[in-house]
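Asks: Got a structure for you, questions after.
The values are calculated or read from the model by the stated rules, or taken from the named source; none is laboratory data. Since this is a predicted model, take the numbers as computed values, not measurements. No Cβ is skipped: glycine too gets one built from the backbone with ideal geometry, and neighbour counts run over all protein chains shown. For the accessible areas, the whole protein counts, side chains as well, though only heavy atoms, and no ligand, DNA or RNA atoms are used. Shrake-Rupley method; radii C 1.70, N 1.55, O 1.52, S 1.80 Å.
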Amino acid sequence: MSTRFPTNAPHQTRAFTKRRRAFSLIEVTLAIGVVSFCMLPIMALLPVGLKEVRGAIVQSGVASIGQQLRSELLGMSFDAANPNSVQNLPNQTFYFTERGVRTTDVDPEAFFKTSFALQDVGLGSTPTYPGSGQMVSVVLAYPMNFPEASRQKTLFSLFVARQVNR
């Protein structure tokens with residue numbers, strides 16, 4: 001009959017396994033280095049992502065302003081004596097925030113500045129109704145905190161028809 005005796009005493013086995021559960025300083029340093037190396041490209045993409053988000057916000061603001069101006073222009077008078085008429089648009093400047101809300105030029109949140117130009121469109125004009133519509137060119141310049149020469153500009157045109165009740 002052969003009896004086998006364990007080669008290691010039980011107290012030595014427990015101490016050995018406890019020591020093996022911990023990480024060494026070299027392993028921790030290598031892990032931090034690998035994580036840092038992997039995070040570097042992700043951190044490099046953050047400015048690009050922020051720039052794209054900023055551009056999307058500006059495009060959304062431009063679309064919102066275009067819709068607002070379109071609805072306002074459709075309701076404007078063609079009578080030059082009326083201060084709120086299509087003919088008086090070149091003399092007016094509107095300011096908008098980055099989100100497309102109309103504001104004043106002194107508001108620190110003013111981001112867009114609009115200017116207008118008119119072009120006659122004579123579709124079937126008569127002596128009674130000299131012009132049947134106006135082509136309104138709208139220039140949005142932004143951002144307001146930049147000098148005038150270095151602002152970006154977006155141009156769009158709107159056709160405003162003369163409303164005639166017969």
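Asks: Out of everything in segment 68-103 that is among the acidic types (Asp, Glu) and modelled with pLDDT of 85 or more, what residue ends up being surrounded by the most Cβ atoms within 10 Å (Cβ to Cβ)? Outline the logic, then answer.
Replies: Of all residues in segment 68-103, those among the acidic types (Asp, Glu) come to 72, 79, 98.
Cutting the leftovers down to modelled with pLDDT of 85 or more gives us 72, 98.
Details: 72: 15, 98: 17.
It comes out as 98.
Asks: While we're looking at this one, here's another question. Any idea which of 26, 65 is β-branched (Val, Ile, Thr), in contact with a Phe, Trp or Tyr (Cβ under 8 Å, 6 or more places away or on another chain) and either at pLDDT 80 or above or open to solvent by 50 Å² or more (accessible area, probe 1.4 Å) (or both)?
Replies: 65
Asks: To continue, here is another question. Residues of segment 69-92 being under 14 Å from residue 139 (Cα atoms) and part of a helix (DSSP H, G or I), which ones?
Replies: Here is the first cut: in segment 69-92, the ones under 14 Å from residue 139 (Cα atoms) are 69-70, 89-92.
Within segment 69-92, 69, 70, 89, 90, 91 meet the criteria.
Asks: Related question: For the condition open to solvent by 50 Å² or more (accessible area, probe 1.4 Å), at pLDDT 85 or above and assigned to a loop (DSSP other than H, G, I, E, B), what is the one hit in 145, 165? Don't jump to the end; show me each part of the working.
Replies: On the way: 165 fails: at pLDDT 85 or above.
Unique residue meeting the criteria: 145.
Asks: Of all residues in segment 93-122, how many are charged (D, E, K, R) and assigned to a loop (DSSP other than H, G, I, E, B)?
Replies: 5
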